[in-house]
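Chemist: Below you will find the structure I want to go over with you.
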Amino acid sequence: MKHRRRDALQTILAAALCLGLTLLGGAAAKDFAPVLEGHRLAFPEDNGAHPKYRTEWWYITGWLTDAEGHDRGFQVTFFRVGTGLGADNPSRFAPRQLILAHAAIADPATGHLLHAERAERALDPLSGASVGNTHVWIDDWSLSQENGVYQTTIHSASFDLELTLTPPGPPQLNGRDGFSQKTPDPANASDYYSRPQLAVEGGLRLADQDLRVSGQAWLDHEWSSQILPETAQGWDWIGINLNDGGSLMAFRMRHRDGSTLWAGGTLRHGDEEAQILSPDQLHFEPGRRWQSPRTGAVYPVEWVIEIDGRQLTLSPLMDDQELDGRRSTGAVYWEGATRLLEDGQEIGRGYLEMTGYWRRQTGL
Amino acid sequence: MLAIENLRKRFDTAAEHPLFEGVSLTLAPGQSVAVMGESGVGKSTLLNCIAGLESVDGGRIRLRDQDLTALDEDGFAHLRRRDFGFVFQAFHLLPHLTLAQNVALPLWLLDQDDATADRRARAMLARVGLAARADDWPRHLSGGEMQRVAIARALVHEPALVLCDEPTGNLDPERATGVLGLLFERIQDAGAIAIMVTHSLAAAAHADRTLRLTPTGLVDATVAP
Amino acid sequence: MSSALRHVFLASLWRRRLATTLSLLAIALGVALGLTVQLIHSAALDEFGRGIRLLNGAADLQALGPRDGFSDALYPMLARSPAVDQASPLLEIEARLPDRDETLKLIGIDLFRVGAVTPALLPMGEDPDERAPASGGQLDALRPDALFLSPAASAHLGLGPGDRLRVQVGTREQTLRIAGGVPGAGVGQRLAVMDIAAAQQTFERIGLITRVDLRLAPGVSRATAQAQLGDRLPPGVALLTPEDASSETLGLSRAYRVNLTMLAAIALLTGGFLVFSTQWLAVVRRRQEFAFLRAIGLDRAELRRGLLAEGGVLGLIGGLLGCLLAYLLTALAFALIGGDLGAGFFRGLAPQVQFEPILTLIYLALGVLAGLGGAWLPAREAARMVPARALRAGDEAEVYRARPRWRTALAALALAALCCLPPPIGGVPVFGYLAVALILTGAILSLPGTTAWAMPRLPAGRSTLWRLARARLTAAPGQTVVAGAGVVASVALAVSMAIMVDSFRGSVDDWLTRLLPADLYLRASDASASGYLDAEAVARVAALPGVAAVRPVRFETLRLREIGGETSGEAGHAMALIARQVRADGGLPLVAGTLQPPTGPSVPTPVWISEAAADRLRLGVGDAVTLPLGEQPHGFQVAGIWRDYARQQGSVVIEIADYRALTNDSRTNDLGLTLTPGTAPEPVMAAIRATLGEQQSEMILPGELRTMVLEVFDRTFLVTYLMEAVAILIGLFGIGTTFAALATSRRKELGILRHLGLRRRQVGTLLATEAALSALVGVAIGLLAGGAIALVLIEVVNRQSFRWSMDLQLPIGPLLIFSLAMILLAAIAARLSGAQAMRQDAVLAVREDW
């Protein structure tokens, strides 16, 4: 199979990825269009790429259950990064846009994440991000959308994914009609919508088993030219599919001292109207901590999140869902499958992302 | 016991007439004989034939019941190094070896180690009266001294047979007598058989018997002492 | 026996110290020269191989095209092929550095792709741990002006991160910034890396790449992939294995290396002859001693072993000295002339002296072999001697009887003639070299016969000395063999090299004169580097006052996937393409065909191919040939075959008008200028500099270029001259030691002559006469053998190694002078050494054994 040898070269690719990913912070924001409030998102056009903005990602997280009832978490992310370089270069290799991708499987049987990544300059037909419809690809890794249904294909040495993800309804706009402010300064903002409650069907290959899997997933599509200010250390984010058919997205940006710089979220119960959460409606309270044996970073793997006085608890599928990218992207963060509990009862499942616990999160 | 029976030798392979034929001689250990004869009669050739340095055209030579005429060249060479001693008119000392080394040469060929060979060579040199000069070079010796070294070399490995070709040919009569006396004393000490080719009656007198080589064989020519 | 071996045999080496020293020296020199050549090349090849491995990485196959590249649309096609796992596009450029007047190998890479195939080329920012976005360091690898230098390039250029480097593109300049290093490149490779898009833009190669490295999908063999993908490649682009690709350069340098190795081998052979001479004489002198030793019981094998041991020890000590010397020479050569022995095959490499155990052992063994070989015949002769006869003094003449060996000599020469027929093996003219060795053998074998034949035919003369000398040599022709073998070998070698080099030089000179018809030549850079003249620059130069006409020349390379109708090992190897005016200018040194083929609409476009191209493509005048130009096949007809000393790999000349019509490539590499009558070149040169820039162009007058090329030629053959000198030196040593030893061994004979009333001076004259006569025979045979070897070198070895012909030229004057000098030197050497030997009182010498 094509990808197996390639992944054996991960350590080599690492250097390239390192250069690629950290580029995200490299280009000056002024080279790109700013995200402004009042821009109305339009679909299906806004499903596609927005190359005028510096950074963009399609971020899928979710839970998969196999025929025997084992639960696993998965993550598939495609990034598009504008470099601000090569605008005047007619070469087909001109590095105006880079495409990066990550995929990970959280399997309690393994105890840590299986992880793979790719990086390329956008170079048709080998890799790219289409404008106008969802189609991002690097070689044989891809995410696309046809008739509203997403399809993604990932091949790596340790696992393959082949999934269709069907959204039950229209996109869920975050923030103010899709304008998601990240700090008190509205210049730090993104255009941001989510596709919660995606019904997942497909195949997962692990080392020696080919599994039919199904489950629920969450897709974030977000683009921006400027998110993280100098003063920010990192962020915490959750995207949870609620058992009642609703969804909860919440994030907070942290100061270097760990205090909250900004917070926001979107909460929807069942078929109800979505509720946009403002910074003062949200409170993040870290709970049990877990220290990574690899990096020594300490992550609060359990949380209490207070939304308008409601006490919700986050409990991870497993503790070790740290993504150690020191040899590749240079970024180290925790990205893991998590249950949402209220009064001890599971009310939803989704993903928790924590960045900036090892070193300050740069780039994204 | 050396037994020569009916030895025959031609001038060369093409010649019709033999140089000599019918040469017979028997010698027991401790016996010595002088061979005389006219120039060109083949005295040295006879010695060479006995030593295996020249081939014979007929007859047999036996040493201790071993048929020497049956040996090949290298077999003869190995026999020579063990059982033969040579004294030449021209001494043939190797100029770049000390007296002790010259005397040790036959022992080297018998694969004796350096130390043993050196000890025996020095002992032998002492018996020819040159102990003090063991580390000297041949070029510093007189003719008589050289021949004494050659005698030591011929006898150092206790050969069964000593062949002497005009051993005093290069010496004045006074020295010759001294050297010959020494030579035959040492040969008798060793109980070896000795054959000496010589022109000199005085020299011949040192041997037990004197024979004259003629084309048809050896005739007794012993002069009563 | 061991004591005897030590005291009797080996000690004798010490006693004849002069002869031993000379033999040692000869062997040491032969071993040293041979091993040095090998060490230098093995180090250069090692570094070259490291470079190849570094640049090829883990590639299974490489798509290669013309030097200036092929369409980069090929890259996605190859990358998406199911047979391909990884594809990494590269753009290789020899960037001219205008202010340094040299070039730098620059590789445009796709950062995201190169790691999978050639990780050693990954660039590294200034500080790999510095990841702060504010530094902007990580952007560098993709920035259009970011250049990353290998450690060797960084050291050579004296540039580090933050420094700037000017590169030339066409006649313009671009400034690049050193953004970091290429740590994986190691210390021996001078190269630079930048982003492929930036390289395309900077060097105006948009849309072009020069190479795609492929790693094949598991289970796909190279042959399968070559077959599958080959058909989808445009003409002129070939899919080669990295071994094929690197063998292009290795193949070119191999012939040169083999040549030098052979020369060193001949030096070693001459050393062997010297051992032969000295051993032979030693055997003669110690004849009685050996007879005595045999009498007291040394057997023949022991005697032979003892003498062989003498030769072996000489060889061993000489070999050890030689090996030591070789390492010193190698270090010196690296310090002074670099790793390619002046031939220019391995530019840009900085090889290091390395201990090569196997090579060293081989050359040590060769030294021992030369010693043993030289001692072999003398040892056999000694073992053969009849001790009873040798015990009597005065039979040394016996040794010099030497039977004529006409039959063996003739057989060797006939075999040599046959060896000129077969083709080379793997590009190396093995049989040609065999023929050289056979001629040498035949010549030496014919020595006794020739002497025996010639001496009685010399005029008898009245002089006693003359008659004595003649009688001596007639009776003992073997003496001539002993003294003359070294002379024959060294004269033959020197003469053959002289004739070959002279013919070569003369032919190159003639070739240059014909190839350079213009008054002045202008170029932006070496044809393989990044400078060129565009149409506008050419027009500006043509418009300058004093310029009557311009002749543009464009250099490219071609890759033919099939050669001679079959896919051979060389298929896909590059061949030079030269587009220039032919009909109008002439200037091609043709060996066949015409410069003025018929023109007309139905007549195919003419090409003129070099001898090497004719050989490789198996084409003759009038044959049709299809050549890929601009990724399209075009039909041509061979109008002529010309002689090209510059491009061993073969070259194809077409009319520049045809080339431009077929490719739309209007660039010019070299521009020949014809000046209006009466115009001096200097003001025109000044005007050009003012037009194109001070450092962006190189100009040269044909005369200067000729001088320069011939200088390069002479430098290339410097090693050859050196070896020649060594061979002659060894030959003279041979004569000197031979006659010294002869005089010593004949002390008695010469003593008798003194007794009979010859004066000391007359004895000296006798020896000199004998030596001169011996040398005369040796030199005469050496001249003939040398001529024959030269023919083999020109017609077989050069033709097969380098695929070019040359016109035979005989440097008669120098050869005559050289021959007379050899004879004179032989006489002097014999006279001097004889005097030395005669210093002892002759009367005493006679008495010694009387």
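Chemist: First measure r as the distance between the Cβ atoms of C:THR408 and C:GLU694, then evaluate 1/(1 + (r/R0)^6) with R0 = 51 Å and state the FRET efficiency to the nearest 0.05.
Modeler: 0.15
Chemist: Now for a different question. Looking at the square roots a ≥ b ≥ c of the eigenvalues of the Cα gyration tensor of region A:144-201, which shape do they give, rounded for a/c under 1.5, prolate if a/b is larger than b/c, or oblate?
Modeler: Note, shape of region A:144-201 comes out oblate.
Chemist: Quick one: P(r) of region C:520-700 from all Cα-Cα pairs, 10 Å bins, percents rounded to integers, in order of increasing distance.
Modeler: Final binned percentages: 9, 35, 32, 18, 5, 0.
Chemist: Going through the DSSP H helices of chain C, which span 24 Å or more along their own axis at the Cα atoms while scoring at least -1.0 as a mean Kyte-Doolittle hydropathy?
Modeler: C:17-56, C:242-285, C:300-336, C:357-384, C:430-454, C:477-515, C:718-745, C:760-792, C:812-838
Chemist: Just need the relative contact order of region C:520-700 here, percent rounded to a whole number, with Cα pairs under 8 Å and 6+ apart.
Modeler: Across region C:520-700, relative contact order equals 37 percent.
Chemist: Under a crude label model (7 Å from the Cα following the beta-carbon direction), how far is C:GLU711 from C:GLN632 in nanometres?
Modeler: For C:GLU711 paired with C:GLN632, the spin-label model returns 4.5 nm.
Chemist: Which value in nm describes the separation of the simple spin-label points at C:ILE752 and A:VAL131, placed 7 Å from the Cα toward the beta carbon?
Modeler: With each label point 7 Å from Cα toward Cβ, the separation is 11.4 nm.
Chemist: With θ set to phi - 60° and the Karplus curve 6.51 cos²θ - 1.76 cosθ + 1.60, what are the ³J(HN,Hα) couplings of region B:96-112 in order, to the nearest whole Hz, using x for Gly and Pro?
Modeler: Listing the rounded values in order: 9, 10, 5, 4, 4, 5, 4, 6, 6, 3, x, 5, 4, 5, 8, 6, 7 Hz.
Chemist: Does anyone have the angle between helix B:143-155 and the longest principal axis of chain B? Alpha-carbon axes, 0 to 90°, nearest 10?
Modeler: It is inclined by approximately 80 degrees.
Chemist: So, with +1 on the Cβ of K and R and -1 on the Cβ of D and E, and no other charges, what is the size of the charge dipole of chain A about its Cα centre, to the nearest 20 debye?
Modeler: 1340 debye
Chemist: Right, another one. Treat the count of other C-beta atoms within 10 Å as a stand-in for reagent exposure and order C:VAL187, C:VAL353 from fewest to most.
Modeler: Final ranking by Cβ density, sparse to dense: C:VAL187, C:VAL353.
Chemist: Just to be sure I understand: of the beta bridges DSSP finds with both ends in region C:520-700, what percent are antiparallel, rounded to 5?
Modeler: In region C:520-700, DSSP labels about 75 percent of beta bridges as antiparallel.
Chemist: Efficiency by 1/(1 + (r/R0)^6): what FRET value for A:VAL298 and A:ASP124, r their Cβ-Cβ distance, R0 = 51 Å, to the nearest 0.05?
Modeler: 0.70
Chemist: Using Cα centres only, tell me the gap between region A:34-57 and region C:172-242 in whole Å.
Modeler: Taking the Cα centre of each part, region A:34-57 and region C:172-242 sit 36 Å apart.
Chemist: Per-residue mean of other chain beta-carbon atoms within 10 angstrom of the beta-carbon, peptide C:3-12?
Modeler: If you average over the peptide's residues, the count of other-chain Cβ atoms is 5.
Chemist: Could you work out how far apart the two model spin labels at C:ARG222 and A:ASP280 are, taking each label as a point 7 Å from the Cα in the direction of the beta carbon, and quote it in nm?
Modeler: That separation, rounded to one decimal, is 7.4 nm.
Chemist: Which value at 222 nm does chain B reach when only helices count, each DSSP H run of 4 or more adding -39,500 (n - 2.57), with the total divided by all residues and rounded to the nearest 500 deg cm²/dmol?
Modeler: Result for chain B, helices only: -11000 deg cm²/dmol.
Chemist: Averaged over its residues, how many other protein chain Cβ atoms are within 10 Å of peptide C:214-223's Cβ atoms?
Modeler: The per-residue average across the peptide is 1.
Chemist: Then there's this: Classify the protein assembly as shown from the C-alpha gyration tensor, please: rounded if a/c falls under 1.5, else prolate or oblate depending on whether a/b exceeds b/c.
Modeler: prolate
Chemist: First measure r as the distance between the Cβ atoms of C:ARG15 and C:LEU701, then evaluate 1/(1 + (r/R0)^6) with R0 = 51 Å and state the FRET efficiency to the nearest 0.05.
Modeler: 0.20
Chemist: Largest first and in whole Å, give the semi-axes of region C:633-729's equivalent ellipsoid, each being the square root of 5 times a Cα gyration tensor eigenvalue.
Modeler: 33, 26, 13
Chemist: Among the DSSP beta bridges whose two residues both lie in the protein assembly as shown, what percent are antiparallel, rounded to the nearest 5?
Modeler: Given both bridge residues lie in the protein assembly as shown, the antiparallel proportion sits at roughly 85 percent.
Chemist: Going by alpha carbons, how many degrees (0 to 90, nearest 10) lie between the helix axis of B:173-190 and the longest principal axis of chain B?
Modeler: So the helix axis and the longest Cα principal axis differ by about 90 degrees.
Chemist: If you average the C-alpha positions of region C:69-96 and of region C:624-656 separately, how far apart do those two centres end up, in angstrom?
Modeler: 26 Å
Chemist: Using the 10 angstrom Cβ neighbour count as an exposure proxy, how do C:THR599, B:THR177 rank, fewest first?
Modeler: The order, fewest Cβ neighbours first, is C:THR599, B:THR177.
Chemist: Right, next: Whole angstrom only: what separates the Cα centroid of region C:757-836 from the Cα centroid of region C:108-127?
Modeler: Each part's Cα centre sits 61 Å from the other's.
Chemist: What does the average come to when, for each residue of peptide B:87-98, you count the partner chain Cβ atoms lying within 10 Å of its Cβ?
Modeler: Whole-number average of other-chain Cβ neighbours for B:87-98 is 4.
Chemist: Shape of region C:61-240 from its Cα gyration tensor (a ≥ b ≥ c, root eigenvalues): rounded if a/c is under 1.5, otherwise prolate when a/b > b/c, or oblate?
Modeler: Prolate shape, in that a/c is at least 1.5 and a/b is the bigger ratio.
Chemist: What is the order of B:LYS9, C:LYS748, fewest Cβ neighbours within 10 Å to most?
Modeler: Least to most surrounded, the residues fall as C:LYS748, B:LYS9.
Quick note: the coordinates plus some simple rules give every number you see, no bench work behind them. What you are looking at is a predicted structure, and each value in this text was computed from that prediction instead of being measured. Cβ sites come from the backbone with ideal geometry, for glycine too, and all protein chains shown count toward neighbours.
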